Amino acid sequence: MTQSINFGYPSKAMGKLLGVKPPRFLAAYSKEKVVLYTDVDYWIKTGKMIVKKAKIEIGFFRNLLQESEKMKEETIKIIHSLGRFKKFNYTNQKLISLIKKLSYNGFRLTVYSQPGAIADHFHNTFTDNLQNIINNKNLSKINLNSTDIFNVLTAPRLKMPSEIAKEELLKTKDVNQYLDKWFWLNYGHLGPGLKRIDVLQEIKGGIKLQDKLKLAVKQQEITSKIFLKPEEKKLFEAARIFIYLKGMRMEVCNGVFSFLNQVARKIAKETKINKKNLMYLSIPEVIEYLKTGKIPKESVLKQRRNYSVWILDDYRHGRILAGDQGRKFIRGNKLIYYL
């Protein structure tokens, strides 16, 4: 299940999305840790292309945001319907349907959130463009330094799922309702999610939320005073989209992780295979098990957990190279350590 949405790079989908061959990107797992690799030279070339695209075609990134919002709403609605998994008694057929839908949505959200990372990671091309715009303006009319201006202009105007969740909590103060709907927000790859003590401490400390309307007004005020050109405005709008998509994708995918963790728990109970090893099943292997009962030997999963390289085309197709086979692949290709 690791390969579905967590670190695999959806190369074919990204290529179709951007209209170019994307930089090679893969994940090497070793005992719950992951090392990401990419072809840095090609990554930088693609990043520059994205920056150029943002200057002239902001509509492309707006559509990216619009499609992501649709998928976010659909995915969160499903996760909310599952609750805290108090009674995980779904039929195998229902589980297969949920796995396909949630994995697909998580995969697409991952694809849609990647252009921002490609546009800046390693080379800071995108950030440097934004910073140069601010540095070349007359800031005497604004009572903010360049760093503050940068932070304000790049802050997303849309609310993250966690912000919406906290708004609900502030209104109701109903911790049980909050946890039933939102316990997965800080779940992470292997868990755990929010606990009652976390929520109570947050309420006690006082929950503060950014006023998005005031933020939008502040952004418009700064923009009007420093007379950003159309090209410059597009870049800052793209920055807000990139930052939002990255954070939103992480929070929504945490909900998908929490669901897959429950599936792994079910399989572990039925097969007596260690749940931590089951996290190294692929999505097709999980579906095959739910259909036929067929599953890789635990020794195979242990080998993947110890060391394996995952090379993905999409959320259901790719290669898993375990042990020495994976190490040889890394050594034999022009790949640079990414994270």
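Annotation note: Cβ proximity below 7 Å between a residue of the range 324-339 that is farther than 25 Å from Lys302 by Cα and a residue that is modelled with pLDDT of 75 or more and part of a helix (DSSP H, G or I) (sequence gap 6+ or interchain) occurs for Ile336/Val40. Total residues in the range 128-166 satisfying the condition of being buried (at least 16 other Cβ atoms within 10 Å of the Cβ) and among the hydroxyl-bearing types (Ser, Thr, Tyr): the figure is 2.
Any residue in the range 113-130 that is without any contact (Cβ under 8 Å) to a residue 40 or more places away in the chain sitting within a Cβ distance under 7 Å of a residue that is part of a helix (DSSP H, G or I)? List the pairs, counting only those 6 or more apart or interchain. Partner pairs satisfying both residue conditions: none exist.
Scoring Phe107 on the criteria (1) surrounded by 21 or more Cβ atoms within 10 Å (Cβ to Cβ); (2) over 30 Å from Gln262 (Cα atoms) leaves a single failure, condition (2). His80 falls short on exactly one of the conditions (1) in contact with an Asp or Glu (Cβ under 9 Å, 6 or more places away or on another chain); (2) in contact (Cβ under 8 Å) with a residue 40 or more places away in the chain; (3) over 19 Å from Leu185 (Cα atoms); (4) surrounded by fewer than 21 Cβ atoms within 10 Å (Cβ to Cβ), and that condition is (3).
Conditions tested, residue by residue: (1) in contact (Cβ under 8 Å) with a residue 40 or more places away in the chain; (2) loosely packed, with under 14 Cβ neighbours inside 10 Å; (3) of a type in the set (Ser, Thr, Tyr).
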{"residue": "Leu169", "(1), (2), (3)": "no, no, no"}
{"residue": "Phe183", "(1), (2), (3)": "yes, no, no"}
{"residue": "Asn186", "(1), (2), (3)": "yes, no, no"}
{"residue": "Arg196", "(1), (2), (3)": "no, yes, no"}
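Arg249 - would you say it is under 30 Å from Ile149 (Cα atoms), in a helix (DSSP H, G or I) and either of a type in the set (D, E, K, R) or touching a Lys or Arg at 6+ places or on another chain (Cβ under 6 Å) (or both)? Against the criterion (under 30 Å from Ile149 (Cα atoms), in a helix (DSSP H, G or I) and either of a type in the set (D, E, K, R) or touching a Lys or Arg at 6+ places or on another chain (Cβ under 6 Å) (or both)), Arg249 qualifies.
Would you mind stating whether Lys195 is modelled with pLDDT under 90 and closer than 21 Å to Leu82 by Cα? Here the answer is yes, as Lys195 does meet what is asked.
Suppose the filter is touching a residue at least 12 places away in the same chain (Cβ under 8 Å) and within 20 Å of Thr223 (Cβ to Cβ); does Ile134 pass it? Answer is yes for this residue. Restricting Lys16, Lys12, Lys21 to those that are part of a loop (DSSP other than H, G, I, E, B), farther than 25 Å from Glu232 by Cα, at pLDDT below 80 and among the charged types (D, E, K, R) reduces the list to Lys21. Scanning the range 56-65 for residues that are in contact (Cβ under 8 Å) with a residue 40 or more places away in the chain and surrounded by 16 or more Cβ atoms within 10 Å (Cβ to Cβ), we see that the one that is farthest from the chain's Cα centre (by Cα) is Ile58.
Each residue in the range 263-290 was checked for being modelled with pLDDT of 95 or more and either among the aromatic types (Phe, Trp, Tyr) or farther than 27 Å from Arg84 by Cβ (or both), and 2 of them qualify. Mind checking whether some residue in the range 33-46 is buried (at least 19 other Cβ atoms within 10 Å of the Cβ) and of a type in the set (Phe, Trp, Tyr)? Within the range 33-46, one or more residues are buried (at least 19 other Cβ atoms within 10 Å of the Cβ) and of a type in the set (Phe, Trp, Tyr).
The values are calculated or read from the model by the stated rules, or taken from the named source; none is laboratory data. These numbers were taken from a predicted model, which means no experiment stands behind them. Cβ atoms come from the backbone with ideal geometry, glycine included; neighbour counts cover every protein chain shown.
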